[in-house]
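Remarks on the structure that follows.
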Amino acid sequence: MAINIIIYSAIVIGFITGIRLMQSPGTALRGNRLGAICMAAAIFFVFSELKLFADYMVWIYIIAGGVIGVIFSQKIKMIQMPQVVALLNGLGGGASAIIAVVTMYAGPDENGLLFWLTAAIALGIGAITFTGSMVAALKLQGWAFKRPLFIKGHKIILYTLLTSGVSLIVLMIFYQELYIIYILLFIFSLCGILMTIRIGGADMPVIISFLNSFSGVAASISGLAVGNALLVGVGSLVGVAGMILTNIMCKSMNRSLVAVLSGFKNNRASDQNNKNEESLSQIKNKSLSEGKIPSIFKKARKVIIVPGYGMALAQAQMYIKQLLDILEKDNKDVKIAIHPVAGRMPGHMNVLLAEAGIDYAKLYDMDKINPEFPSTDVVICVGACDVINPAANTAEGTPIYGMPILKAFEAKAVIIFNLDRKSGYSGVENSLYKEENVITVWGNASETLPKIIENFKNDN
Amino acid sequence: MLMAMLIFLIVCAVLGYIVISSVPSLLHTPLMSGMNALSGITAVGALYVYSISSPGLKVIAAAALILAIINVTGGFLITEKMLRMFKKENNK
């Protein structure tokens, strides 16, 4: 027993050290490999503990899972990371739920009450994670449930299901009837679907982080049921990581987790928005126009580029890289500002830009870059709307009010490359479009950006 | 036994909180896919229930094992692939 504790602790310390190495891009690869080694060690140790080496079927299962994992990791593209993580969250939750079911059938060896309680909770959380993640992954991949589905009485149905699920878990402790397992599975699977089916694209970072956390929590609690400290410890690491990210995402979007999950609809200003569009079209004739862009670029010394999810949709990453290169060639100070919810999951935008070959040292997060906007000559926004909307500071009562933004409006000039003048996910009109020092270029960034880059090159 | 487990859980959660909070937002996506790999620790639980169950249940336990191993290999390899893209420019 003592040897177990030592080995388990060593493995968990290895994992924690691995995460610590993730603090900087220079050491992160080593951290990931350390994690992989620890995982291999953990599985090997349990193998020998359970004397499974001779069971060739186990090897077949492991090889099957391994092959699927390897093929999967080769096929995915970086733009698909949100759905990939969502899918893997789901598999983790599914595995925990299955473990809970099997262990309930096998029955407890000690402490019956807590066994049934933990197994039933692990089953519930695992099932929510599985179905919720599958819906989220399908949505993100665009295969199904593309639009948020609003069901009448959504909140009431969800709360009723959750309450009855929890009561059944309590019931399970006293009447260990195995058929309850299936009712629990059904109820919690439905809860997972209901929680995610109405989620819109921009709420995705919250839900993915939340399900990431849940996949860890399910593992941890199933560890309590089967009595394995490794599951308990490592599961809690995953759970905590997901919670930290969920919290960051909620704050950056100015949404509460309960609001996102229970289907609480923000009073989006969509009707009002249609009227605003008319008023916006009237302000089109401003003194500044597209033609002025090259001269503005030429004079500028300090430039900040703000990419949003629209840039990713337009697949315009490489033009950002080109723009960065030509501006830097001209001896300008260029930085890239990244809002926490610029992508569809935490850190997504950083990955997309790194993939395009942009040096990560040029990527700045919101807190670091915000003090620099007043001294900036030009801000170039590509496919970003809500995250630069000054209404977040001023328009009290709108859904966006209070959301932290990139203070692009403080710069001397702002050039916006957006598909159209429609408001962002929040439904709040972007008051920046009306400002005097703002130039707007409407259209697909993959078409508008190359033109600007070409013009600038020819001018030089 | 349960008490020891709970203490272990809390210690891990606290240590985890400390190290994970200082991961920069730059690396949050690799962090999440890395966490996908770590949640593959359920492979250990799957092996455990596999070893104690009857032949019929073994098939179900095997499903959990396969899912968990997909998480482990997929998670670590995807994280590796992603982290390789974070490069500094050498020519400057």
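The numbers here are math on the coordinates, done by the rules we state, and not lab data. Computed from a predicted structure; not experimentally measured. All Cβ positions, even for glycine, are placed from backbone atoms using ideal geometry, and neighbour counts span all protein chains on display.
Of all lysines in the structure, the ones whose alpha carbon falls short of 25 Å from that of A:LYS75, not counting any fewer than 8 places away in one chain, are A:LYS139, A:LYS146, A:LYS321, B:LYS81, B:LYS87. Distances between every pair of Cα atoms in the stretch A:283-459, grouped in 5 Å steps from 0 to the bin holding the largest one, split as 1, 9, 19, 23, 24, 15, 7, 2, 0, 0 percent.
Going through the DSSP H helices of chain A, which span 27 Å or more along their own axis at the Cα atoms while scoring at least -0.5 as a mean Kyte-Doolittle hydropathy? Spell out each step's value before the answer.
On the way: long enough: A:2-21 (29 Å, 1.94); A:25-50 (38 Å, 1.00); A:56-75 (29 Å, 1.44); A:81-106 (37 Å, 1.42); A:112-141 (43 Å, 1.53); A:154-174 (31 Å, 1.82); A:204-226 (33 Å, 1.60); A:229-253 (36 Å, 1.66).
Once both thresholds are applied, what remains is A:2-21, A:25-50, A:56-75, A:81-106, A:112-141, A:154-174, A:204-226, A:229-253.
In peptide A:43-56, how many Cβ atoms from other protein chains are near each Cβ within 10 Å, on average?
Going residue by residue through A:43-56 and averaging, the value is 3.
Look at the alpha carbon pairs under 8 Å that are at least 6 residues apart: their mean separation over the length of the stretch A:10-93 gives a relative contact order of 18 percent. Sorting the segments B:81-87, A:200-206, A:145-151 by their residues' average number of neighbouring beta-carbon atoms within 10 angstrom, most packed first, yields A:200-206, B:81-87, A:145-151.
Note on B:LYS58: lysines with a C-alpha under 23 Å away, same-chain residues under 8 apart excluded, are A:LYS51.
Please compute the contact order of chain B in relative form: average sequence separation of alpha-carbon pairs under 8 Å and at least six residues apart, divided by the residue count, as a percent.
On the way: 57 pairs, mean separation 29.3, N = 92.
The normalised contact order for chain B reaches 32 percent.
Tell me whether the stretch A:415-460 comes out rounded, prolate or oblate; compute the Cα gyration tensor, take square roots of the eigenvalues as a ≥ b ≥ c, and use a/c under 1.5 as the rounded threshold. Don't skip to the end; give the middle numbers.
Working: a/c = 4.60, a/b = 1.86, b/c = 2.47.
Note, shape of the stretch A:415-460 comes out oblate.
Counting Cα-Cα pairs of chain B in 10 Å increments starting at 0 gives whole-percent bin shares of 15, 28, 32, 17, 5, 2, 0.
Which of the DSSP-defined H helices in chain B satisfy a minimum axial length of 30 Å, computed from C-alpha atoms, and a minimum mean Kyte-Doolittle hydropathy of 0.0? Don't skip to the answer; put the middle values down first.
Details: long enough: B:55-83 (42 Å, 1.54).
Qualifying helices: B:55-83.
Computed over the protein assembly as shown, the P(r) curve from all C-alpha pair distances, binned at 20 Å from the origin, holds 22, 50, 24, 5, 0 percent per bin. The radius of gyration of the Cα set in the stretch A:76-262, together with its Dmax, comes out at 16.2, 49 angstrom.
For the stretch A:99-160, the alpha carbon positions stretch 48, 28, 13 Å along the principal axes, listed from largest to smallest.
With a cut-off of 8 Å between alpha carbons and a minimum separation of six or more residues, what is the relative contact order of the stretch A:283-459 in percent?
On the way: 315 pairs, mean separation 47.5, N = 177.
After rounding, I find 27 percent.
For peptide A:36-42, compute the average count of partner chain beta-carbon atoms within 10 Å of each residue's beta-carbon.
Other-chain Cβ atoms within 10 Å of each residue's Cβ, averaged: 4.
For the cross-link pairs A:LYS155/A:LYS422; A:LYS332/A:LYS451; A:LYS77/A:LYS407; A:LYS451/B:LYS88; A:LYS298/A:LYS422, which exceed 22 Å when the distance is taken from alpha carbon to alpha carbon? Violating the 22 Å limit, Cα to Cα: A:LYS155/A:LYS422; A:LYS77/A:LYS407; A:LYS451/B:LYS88; A:LYS298/A:LYS422.
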